[in-house]
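Input: a single structure, listed below in structure tokens.
Each value in this text was obtained by applying a stated rule to the coordinates, not by laboratory testing. The model shown is predicted, which means the values in this text are computed figures rather than measured ones. Positions of Cβ are backbone-derived with ideal geometry, glycine not excepted, and every protein chain shown enters the neighbour counts.
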Amino acid sequence: MKKLERKLTLPTIIAISIGGMLGSGIFVLPGIAAAKTGSSIWLAYLIAAICILPAALSKSELSSAMPKSGGAYVYIERAFGPIMGTISGIGLWLSLLLKSSFALVGFGAYLLVIINIPVEYIKYISLGFLLLIMILNILGVKKVGKVQVVVVIISLITLISLLFMGIPMIDKQMLTPFMSNKTTGLISTIAFVYISYAGVTKIAAIAGEVKNPTKNIPLAMIISLLIITVIYVAIAFTLVGNIDIKELSEDIKPIHTLALLLGGPNFAYIIAGIGVVTLISMANSGVLASSRFPFAMAGDKLLPKQMSKVHPKYLTPINTIILTCIMMALVILFLDVEKIAKLASAFKVMMFISVNLSVIILRETAVQWYDPKYKSPLYPYIQLFGIFSGIILLFYLGFMPIIAIFVISFIGYIIYYIYGKNASRTGVMTQYGHIPALYILFGKKRNYKHLKELEDKEREEMLNISIDKDAGVIVPLLGNEIAPTTLIEIGASLNARSKIQTLNIVEVPDQTSLDAFLEEKPKTKSLERIVKKLDSRIQQDIYFESIATHKLSETMQVLSEITNIKWLILSWNGRAYNGIFFNNPIGWIISHINSNFALFKCNGVTEFNNVLLSIRHNSQDIQKLIASTNSLCQYFNSEFTLLHVLNIDTTTEEIENIKKTSNKALSGTKGKLLLKISDDPIDSVSNLTSEYDLLILGTPKKDTWATMLFGTGKDKFAISSACSVLRLTIKN
């Protein structure tokens with residue numbers, strides 16, 4: 001099957017992004033907005049831009065990790081799964097085609113200035129231009145991009161010239177009253193004009209056709225948002241400073257009215273022509289972006305495969321372009337201007353809330369394949385602001401748009417169960433979500449009971465590997481290890497058998513075929529060479545294999561269920577989220593797998609001459625921790641210190657009991673006892689670690705309600721340690 005080509009450069013996608021915003025948002029909406037809030041419409045535009053900034057930053061990050069056509073649909077589907085993906089794909093498609101339809105309806109008011117025709121014919125002329133747009137999009141995305149650059153430059157020059165003429169003429173008396181409908185009117189106007197900026201993220205939908213997308217898409221979004229915000233706010237301020245609010249509130253061609261006031265009939269005539277071209281250009285870029293949503297959904301088998309057809313000559317998604325234009329024609333014929341704008345804003349607000357949530361889910365679960373080249377600043381605060389501000393704006397749009405969202409969600413469920421119910425892939429939330437999140441979003445939880453009932457041979461067949469029966473330790477290498485050989489040596493020190501199994505595990509999204517990852521890559525070959533070299537030094541046989549998996553959690557569960565394996569050894573960064581909604585793979589491992597496991601956080605020290613074993617207040621069985629630490633020290637020919645940090649209120653009798661119990665446990669080992677009195681255990685242990693090469697910790701027995709609600713975030717002892725850290729969880 002033919003694929004889309006990467007043809008679009010940075011100036012072109014900036015033009016497409018600006019073209020997606022520079023249209024009805026300023027040529028039509030200011031008049032309707034003025035009726036809602038008065039002269040404060042410029043403030044509504046400014047706040048709307050601030051509210052949409054989190055989505056722009058989040059989409060920039062997501063697009064740098066997943067530069068594919070489909071934009072927000074792809075991101076939401078990867079994060080939440082195919083059901084939410086289906087709903088979001090339809091919602092995004094509708095929001096963009098509604099906005100594009102709104103542009104074609106609005107351009108009629110400007111066309112009437114140029115051509116003297118009956119008003120009732122305007123809709124049919126709009127349909128004629130829609131047909132032209134459809135043909136242009138089918139002919140090729142590069143042609144669309146070239147047209148956008150020219151139109152955007154002309155429109156920007158026009159608006160800037162209006163600013164130079166209009167700002168000196170502003171009448172301060174026209175700026176009062178500032179808010180005609182108080183705060184409620186301002187917030188509802190912010191929600192209403194929100195859609196004006198939606199085009200800033202539109203280019204993510206055509207990421208599959210952008211050159212160097214990981215760099216150009218984030219840059220284009222930020223540049224275009226800054227440019228258009230300045231233009232919108234300045235033009236809105238100029239409008240209310242030159243045109244009476246009563247007149248403006250009934251005007252759906254406010255830019256023409258301003259031009260007539262400032263430059264006379266001839267100048268206004270030229271501005272009307274530019275308005276017509278700009279609004280058609282906006283509709284043009286809208287068709288370009290919106291048609292990619294059903295195209296991407298069909299590629300994921302959530303819509304009929306006919307929707308994924310690419311024109312053999314022009315390499316454009318012909319069927320989805322035609323479908324999008326048919327839907328736009330129906331909107332133009334049967335919906336009025338304000339309803340179109342409200343519906344478009346509502347769908348877009350909902351999708352942007354989901355986009356911000358997607359960044360949080362993908363970052364906090366730390367899935368292996370999520371590796372964005374650009375990361376949103378001020379995480380997670382910028383995303384949380386986007387989510388909460390979006391929820392507020394959604395309710396201020398009124399009852400009808402919210403009902404429409406529920407209807408589209410219901411339609412999305414139906415489409416999913418018709419076309420996507422047999423999809424085997426799952427979203428990240430389904431893999432790492434806790435019961436509350438899974439019931440809220442999917443009505444079910446992940447069940448691993450069937451894995452426990454399998455025989456070892458069946459488990460190995462699931463992974464498409466063969467685990468050596470004499471191996472007592474498995475070392476899964478997930479690609480983020482600072483010192484993979486040290487992990488293997490730690491495994492050797494804890495191994496009661498003569499063999500170690502090392503697995504290079506690559507996690508890929510469910511939507512990506514595993515075949516592409518089965519070929520041996522240079523990094524894998526290098527890792528295998530290093531591991532085999534270690535084989536001759538540690539006097540234990542090391543077996544190395546590479547596997548690709550869609551479900552890292554299920555793979556780890558299968559590995560832990562293999563009966564003769566005693567230890568899993570993994571790299572660690574000190575974080576261990578286990579929140580009420582979702583956790584990361586390490587948090588998932590802590591909650592689910594059945595074998596012993598060790599988490600190693602490398603701080604640059606890999607030779608362990610001095611080891612500190614710190615006993616937490618609620619740690620696991622001390623005797624087992626001491627035995628494992630002693631085994632490690634024997635392997636590395638080192639000694640260890642057993643540390644108890646005692647509260648300042650600990651009595652002399654309690655101290656003596658701890659000494660007696662600890663010395664008995666240390667009998668026959670290379671360990672010695674150290675007691676420290678402190679009211680700040682974390683600070684005390686942190687200071688002591690400067691004298692040691694390795695800190696060994698046990699795992700707290702259970703999370704509190706607070707840590708379940710807000711997430712444990714990080715192991716404070718591990719994060720504050722000056723030396724490397726090994727966290728042991730002993731289950732058998």
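By other beta-carbon atoms within 10 Å, ranking 351, 169 with the fewest at the front produces 169, 351.
Sorted ascending by nearby beta carbons within 10 Å, beginning with the fewest, 640, 388, 717 become 388, 717, 640.
Cross-link check: pairs 36/172; 375/601; 375/532 evaluated at a Cα-Cα cut-off of 28 Å; pairs beyond the cut-off: 375/532. Site pair residue 654 and residue 673 shows an inter-label distance of 1.6 nm when each label is modelled 7 Å from Cα along Cα→Cβ. Rounded, prolate or oblate, given the Cα gyration tensor of region 254-386, with a/c below 1.5 counting as rounded? It is oblate, given that a/c is not under 1.5 and a/b is not larger than b/c. Would you mind checking 246/342; 215/313; 99/123; 676/731; 253/342 for any pair whose Cα atoms are more than 20 angstrom apart? Exceeds cut-off: 246/342; 215/313; 676/731.
The alpha carbons of region 80-185 give a radius of gyration and a Dmax of 19.8, 55 Å, in that order. Inter-label distance, residue 647 to residue 161: 7.8 nm, where each label sits 7 Å from its Cα along the C-beta direction.
In plain terms, the residue of 376, 536 with the fewest other Cβ atoms within 10 Å comes first and the most crowded comes last, giving 536, 376.
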